[in-house]
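Okay, so here's the structure we're looking at.
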Amino acid sequence: MSQKQLKEAFISNLNGTSLLEISAGLSLAPLCLLCRGLLLILYYLHHGKPLSSRKYSLLLDFLLLVSPLLFSCTVLSPIIFFMPVILAAFCAGIFSKIYSQRKREARAPFGQIVKEFQKTYLDPEYIPAVTVFRVYVNVLTSISILAVDFPQYPRRYAKAETYGTGVMDLGVGAFIFGNALVCPEVRQKSRMPQPRFSSLARQVFSVWPLISLGVGRLLSVKSIEYHEHTSEYGVHWNFFFTLAFVRLAASLLLALFPKDKAWLVALALAVLYQLLLSTTSLKAFILHGSDGRGSRLGFLDANREGLLSLLGYLAIYLASVQVGLWLLRRRASVRGWLEALRELVLALLVLFVLLQLCQACTEPVSRRLANLPFCTWVLAHCLLLLGFFVLTDLALVFTKLLVKGSSVPCCWKVVQPPDSREKHGTEAVPAGREDEMSQLCLISAINKNQLLFFLLANVMTGAVNILIDTIHSKAAFTLCILHLYMFLNCLIMYILHARDIVLKFW
């Protein structure tokens, strides 16, 4: 076999992992974020000022926010279930140290602190969990697209061939989910009536970079005979095309139907598509081609997975728009967000029950088909990760109340209560905003240039695969390459952020 065939075989015919292992893995990113925030608060408690060194800030962020995820999907994957416990214990130790060492004048009974915490008002214009979710999906995807070519990356985490739940299968759906959370239909704040197709017009203008990247990826892969997994999207199709067309189709549907009923449109679309898969020959065509032997004759046949899975991804996108609208409901206090978390837990229970019913009554989860179980699974685990990030932010807000004046980048900002603002005639100014604005943060840096970050990751992944025999790499060499690859990408984003450069002109 040629090197190209070896690498294609290495990422083919896989079956995924368990839902429990994926859920355990999803808890790592929020715990890393919590650990970073608690350490910054502890630093402020000891030094009376935030960490201001850009060099050490980048190093701290990379070591705490990125490096643990690299280890968890390679050499530490056999103990993945113990890692959340270890990180949670470490965070508990840091919190205990902060609680015992806080200033004497700030010491109050724990019950009083909890009551004060529930009454705390948060900046309603900024929901950090949304930003962090989108950035972490990008980071985890960037790690996986290169790590999957190394033997240290467990085969069960890679994309499943037909049925199964791999970590990378979830990443595809999570990208769709994250894009929908900040789409024009969700971000539109004006109460004035807007032209029906205004959002569609904005999407037409904003998706051309995705189409350009899709064409560029297609031409580069074919020209250098780069290894590819044909049954993933087809011969000519790729995820850039999927994301672009889903965004366009969703904007068209949301122009025709009320956006607050997006979940109904998503449900109807997913159920109708599943009925077609179950009652017609559509599923056989997607899996085996028009001749039943996996033929790739003609454009539709050659790209059947990518083209027909658009219906499932469109359903995920529309349901995620509903989630975005729910998140933007005005919740000014901690109490409001605690109630939102309860609603989120209820939604998760419904979705996980629905997932079991769907798999029992129809078929297992299949990213290749983007069937109803896949849509349900993606929504359930994305909401779970989002809930973890909201909980992390609330925990950091609670800790900041213990250490007055402390600040954590990409965390909720505490504001004055509305009554006190009216009394003094002032605006809602977040406490510690100047400190937070002066602190550079890797999450903010990646968020400013997310598409560039993902593009650089794809380019560097291609370069590594061309230059290195990844399949036969040893563990130490693999970890060095992965860390260097991610650090270079993060460093470029960090430098651009420090110079306030946003490479976006569409």
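Where a number appears in this text, it was derived from the coordinates with a stated rule and is not lab data. The structure presented is a predicted model; accordingly, all values stated were derived computationally and were not measured. When we count neighbours, we look across all protein chains shown, and the Cβ atoms used for this are built from the backbone with ideal geometry, even at glycine.
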Item checked: Centre separation in Å (Cα based) which lies between the stretch 320-378 and the stretch 123-181 -> 17 Å
Margin query: Under the rule a/c < 1.5 gives rounded, and otherwise a/b versus b/c splits prolate from oblate, where does the stretch 219-298 land using the Cα gyration tensor?
Written below: oblate
Next item on the list: Compute the relative contact order of the stretch 13-94 as a whole-number percentage, counting only Cα pairs closer than 8 Å that sit 6 or more residues apart in sequence.
Entry: 47 percent
Checklist line | Spin-label pair Ala89/Ala268, simplified geometry with 7 Å Cα→Cβ offset, distance in nm | finding: 5.3 nm
Item checked: Rg/Rh (Cα only; Kirkwood hydrodynamic radius) as it applies to the stretch 61-130 -> 1.10
Next item on the list: Compute the separation of the alpha-carbon centres of the stretch 33-94 and the stretch 196-221 and state it in Å as a whole number.
Entry: 37 Å
Item checked: Computed [θ] at 222 nm, helices only, for the chain once each DSSP H run of length n ≥ 4 contributes -39500 (n - 2.57) -> -21000 deg cm²/dmol
Check: If you take the Cα Rg of the stretch 284-366 and divide it by 2.2 N^0.38 Å, with N the number of residues, what do you get?
Finding: 1.64
Check: Contour minus end-to-end for Glu339 and Lys474, with contour as 0.36 nm per residue of separation and end-to-end as the Cα-Cα distance?
Finding: 43.7 nm
Next item on the list: Give me the Kirkwood hydrodynamic radius of the stretch 298-343, using the inverse of the mean 1/r over all pairs of distinct Cα atoms, in Å to one decimal.
Entry: 13.3 Å
Next item on the list: Write down the Å³ per residue value for the convex hull defined by the alpha carbon atoms of the stretch 339-398.
Entry: 65 Å³
Item checked: Volume per residue of the C-alpha convex hull in the stretch 1-133, rounded to whole Å³ -> 195 Å³
Notebook entry, point to check: In degrees from 0 to 90, rounded to the nearest 10, what is the angle of the helix 28-47 Cα long axis to the longest principal axis of the chain?
Noted result: 20 degrees
Margin query: Please compute the alpha carbon radius of gyration of the stretch 112-191, then divide it by the globular-protein estimate 2.2 N^0.38 Å. Two decimals is fine.
Written below: 1.58
Item checked: Non-local Lys pairs in the stretch 157-288, i.e. 8 or more apart or on different chains, that have alpha carbons under 22 Å apart -> 4
Note to self: If every alpha-carbon in the stretch 62-202 counts as one equal scatterer, what log10 I(q)/I(0) does Debye give at q = 0.12, 0.17, 0.18, 0.20 1/Å?
What the structure shows: -0.81, -1.08, -1.12, -1.23
Next item on the list: Please report, largest first and rounded to whole Å, the three semi-axes of the ellipsoid equivalent to the chain, where each semi-axis is the square root of five times an eigenvalue of the C-alpha gyration tensor.
Entry: 39, 27, 22
Notebook entry, point to check: What is the projected area of the convex hull of the Cα atoms of the stretch 29-102, averaged over all directions, in nm²?
Noted result: 5.1 nm²
